[in-house]
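See below for the structure under consideration.
The values are calculated or read from the model by the stated rules, or taken from the named source; none is laboratory data. Nothing here was measured: the structure is a model prediction, and the numbers come from that model. For neighbour counting, all protein chains shown are included, and Cβ atoms are generated from backbone atoms with ideal geometry for every residue, glycine included. Note: areas computed on protein heavy atoms with side chains; ligands, DNA, RNA excluded. Shrake-Rupley method; radii C 1.70, N 1.55, O 1.52, S 1.80 Å.
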Amino acid sequence: MVMNEMPEARIHGGPDADGPERWDFSTCANAAGPCPAALDAVLTADPTRYPDPHHHGLREGLAALHRVEPRRIVIAASASEFVQRITAIATRLRPGPVGVPRHAYGDYAASARAWGRSCRHDDEPGETLSLQWCTDPSSPLGLKTPIPCNAAAVPTVLDSVYAPLRLKVSDARQSDLLDQVFVLHSPNKALGLCGVRGAYAIAPREATWDANGWLRMLQAAEPSWPLGTHGAAMLAAWTDAPVRQWVQQSHARLSHWKTLLIATLVQRGFTCLDSDTPFFCARPPMPTDPLRLRHHGVAVRDAASFGLCGWWRLSAQPPLSIAQLAAALDHEGSRS
């Protein structure tokens with residue numbers, strides 16, 4: 001890339017250059033949120049003081065939640081920051097291609113390319129991987145990609161950011177492999193607090209590759225104060241059982257809204273894919289630019305950047321939002 005050339009823009013759900021839309025189906029945030037207790041913790045946090053730069057108390061709370069040693073907790077400014085940091089570490093410690101699911105969050109591949117690494121999908125043969133990603137569940141499909149059987153031999157990250165939003169009981173996770181992979185968590189979407197950034201990963205307990213060496217490198221590359229006061233408050237709230245219970249209780253509403261949304265789309269000729277989450281992919285009956293819906297204050301996520309051209313990713317929203325989406329689709333359909 002030429003030095004003065006701008007990198008390719010990454011595509012995400014949510015606001016664009018024109019700002020947010022009132023009826024937003026484009027993010028995977030919990031539409032039943034925000035969680036009142038978590039929001040209160042964020043709003044009452046004191047932004048005039050530095051947080052503990054090493055987040056000792058937070059690490060202990062998260063370690064207790066997951067029943068692991070505090071040393072295995074890696075604090076991150078966000079899930080995306082962790083993706084960038086571990087990819088950089090992989091480039092130094094284990095050069096080679098990065099394994100990514102065929103349809104997955106774009107930052108895995110973007111980070112690999114930024115460090116000069118090639119990417120390979122799960123079902124493609126090739127040279128030994130430097131790092132591989134799996135998800136439980138994934139975006140955009142809202143389905144699990146299993147932990148690869150070679151996780152004990154290849155540094156692996158299980159992205160579990162959307163696990164708290166799983167509406168269906170997943171098949172048994174490969175618990176025998178969980179202690180051999182990094183497990184990434186970021187509860188802001190489950191709490192309906194996307195604007196608050198903060199994440200953490202649980203490092204492997206054991207692996208045939210040098211897991212402790214990777215952990216030391218991740219900690220050495222950690223920025224000072226990886227979390228601001230508000231991110232630290234959100235993650236501390238996540239360790240409280242009532243906050244996690246609120247997320248679990250929101251599933252009933254989300255399931256109902258998802259059913260309404262799918263029915264609305266199917267009535268208009270859409271094909272909807274099954275998912276384990278409040279979000280899913282749908283294909284309109286004829287090619288339609290989702291940007292046209294923004295003229296009606298409605299946002300959906302074009303799934304082309306996920307490798308699903310012609311599909312949209314939508315998340316369950318309250319009935320009033322679904323009615324606005326239906327009106328926008330009917331209006332655009334009448335123009336076709």
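For the reader, a short list of remarks on this structure follows.
- Taking amide H positions as modeled 1.01 Å from N, with prolines and chain starts lacking one, the residues under 5 Å from ARG301 and 5 or more places away or on another chain are ARG313.
- Per-residue [θ]222 nm for the chain (sum of -39500 (n - 2.57) over DSSP H runs n ≥ 4, rounded to 500): -10000 deg cm²/dmol
- Burial ranking of peptide ranges 274-280, 94-100 (average Cβ count within 10 Å, highest at the top): 274-280, 94-100
- With at most 14 neighbouring Cβ atoms within 10 Å, loop GluC sites (Glu not before Pro) (DSSP) excluded, longest segment of the chain: 207-336
- Debye-sum result for segment 135-223 in log10 I(q)/I(0), which assumes one identical scatterer on each alpha carbon, at q = 0.21 Å⁻¹: -1.07
- Equivalent ellipsoid semi-axes - Cα gyration tensor, the chain, angstrom: 33, 25, 19
- Rg and Dmax of segment 196-250, both derived from C-alpha coordinates alone, stand at 14.9, 40 Å.
- Helix 319-335 and the longest principal axis of the Cα set of the chain meet at an angle near 60°.
- Using a Förster distance of 35 Å, the FRET efficiency for ARG92-ALA304 (Cβ separation, nearest 0.05): 0.60
- Nearest-ten-degree value, helix 56-66 long axis tilted from longest Cα axis of the chain: 70 degrees
- Ordered from highest to lowest accessible area with the whole protein assembly present and a 1.4 Å probe, ARG22, ARG72, ARG268, ARG59 read as ARG22, ARG268, ARG59, ARG72.
- Nearest-0.05 FRET efficiency for ASP240 and THR48, computed from C-beta distance (R0 30 Å): 0.80
- The chain, accessible surface, carbon-and-sulfur percent (1.4 angstrom probe): 55 percent
- Separation between Cα centres of segment 211-233 and segment 71-114, rounded to whole Å: 14 Å
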